[in-house]
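The next block holds one structure in the form of structure tokens; read it before the comments.
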Amino acid sequence: NSENNTDINDAKIDIVRVKGQHLESINVTSAMIASDKLSLEGNGIYKVDVYRQGFQTGSNEVSISCDINKCNQCDPSITIPMVGAIRKKHPRVVLVWQKERKNPGLYAIQRNMETGVRQCVSRNNRQCNGVTVNAHNAVSNANHFKTMSVGSKHIGKAGNIKYYTIVVNLKSDGNGNEVVDETIKNSKVHVIVTDSSGASLRVNMRTQTYKKDKYWIVGCMGGEYMVTASFTEINQFLDSPPEDGVDYCKHFLSKGLKNCFAGLKGPSYSVADNGGLIKQTMFDSAKECADECTLMQDCQAFDWFGPGDSEFKSCLLYKSGKLSGSLDDGRVRYASVCPKAGRN
């Protein structure tokens, strides 16, 4: 359990072995032996999905390379943190890694969306009003994961909408020009972001560009409702703390314009009673769609379709509209309205 580091019982497990372009399903029931261990027939990459009522599906993979003559000395293991109930507007961020590491740190840089002013850095046990670090992280470190939740506790007050830079302190030794640290390269470091609607995304660390850097800038998210669709990936490395340098998430600033991104809601919302379609285009993220509407004088509402929808990446910009309530139409659609002065 990613919230309190307790074991989850009675979960269902699906395992497949990657064999070239094909996937070989493993019969978990027949392969299970004592102590909840699996007896596997060969080396390779195994993908594991875990299901449990009340939790989001958990997934991970493990690479197994054992000497057939020394099977009793080979004991690969994998930990899959699962995300349960989440408070609205407070998505959970989970850092996961494999193999032994020097206790990587997960933290966030909090800034004001209207001004860009840095308000807080949730590092070295510092408390931020928009970041809640899991009190059980010291224990879960042994299981190779850490968690935190982001989102302001006082949403609704003017000027109080935040955006966050998600950072991992890799605690690596060496300088940027040294050889790649194999313990990082083989640890399958990744971050999973899940919101209260159950929408989730995974960011795998881009190890091809890692050269013993000390910090991994995962990405950015923000807005009033803090949905997963607000996340934009950065996936870059630094040798110095990112809070001491440039703002990698400055594209979240409204810069004095009517911000069409801040009120983004979904994934089951839409623009109702729209005043006419301005245009339909394609963008990789809801943030890019929102920015297009922000900069377009006549645009006061938009829809963006997320991963899993038949119209994924479609961005519809409208002259006006109202935000619907949550719809039960099976669509992965995010929406926002942003009335502008002097516009009907």
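Taken together, the values in this text are just the output of simple stated rules run on the coordinates, not laboratory data. A quick note: this is a predicted structure, and the numbers were derived from the prediction, not measured. Note that we place each Cβ from the backbone using ideal geometry, even for glycine, and neighbour counts take in every protein chain shown.
Taking a threshold of 23 Å on the Cα-Cα distance, which of the pairs K146/K313; K162/K287; K88/K322; K12/K70; K12/K313 fall above it? Checking Cα-Cα distances, K146/K313; K12/K70; K12/K313 exceed 23 Å. Computed over every Cα-Cα pair of the chain and binned at 20 Å starting from 0, the pair-distance distribution P(r) comes out as 28, 54, 17, 1 percent. Computed from Cα atoms, the angle from the helix 286-295 axis to the main principal axis of the chain rounds to 20 degrees. Sites listed here are trypsin sites (Lys or Arg not before Pro) in segment 84-127 whose DSSP assignment is loop and whose Cβ has at most 14 other Cβ atoms within 10 Å: R87, K88, K99, K102, R126. Here's the list of aspartates and glutamates a cross-link from K185 could span, going by alpha-carbon distance under 13 Å and ignoring same-chain residues fewer than 8 apart: E100, D213. Within the same chain, aspartates and glutamates fewer than 8 places from K212 are excluded, and of the rest, those with a Cα less than 12 Å from its Cα are D173, E178, D181, E182, D239. Less than 18 Å from a label point 7 Å out along the Cα-to-Cβ axis of S326: which backbone N atoms in segment 206-230 qualify, by residue? Those under the cut-off are 224-230.
Restricting segment 213-297 to trypsin sites (Lys or Arg not before Pro) that sit in a DSSP loop and have at most 16 other Cβ atoms within 10 Å of their own Cβ leaves K255, K258.
Residues whose amide H falls under 5 Å from that of V218, counting only those 5 or more places apart or on a different chain, are I166, V167, V168, N235, with hydrogens built in the peptide plane. Measuring how big segment 224-344 is from its alpha-carbon positions, Rg and Dmax come out at 15.1, 50 Å.
In this structure, I68 and V117 have a Cβ-Cβ separation that, at R0 = 45 Å, corresponds to a calculated FRET efficiency of about 0.15. For the chain, the cysteines with no partner cysteine C-beta closer than 4.7 Å are C71. Here the contact order of segment 1-147, divided by its residue count and restricted to Cα pairs under 8 Å and six or more residues apart, works out to 22 percent.
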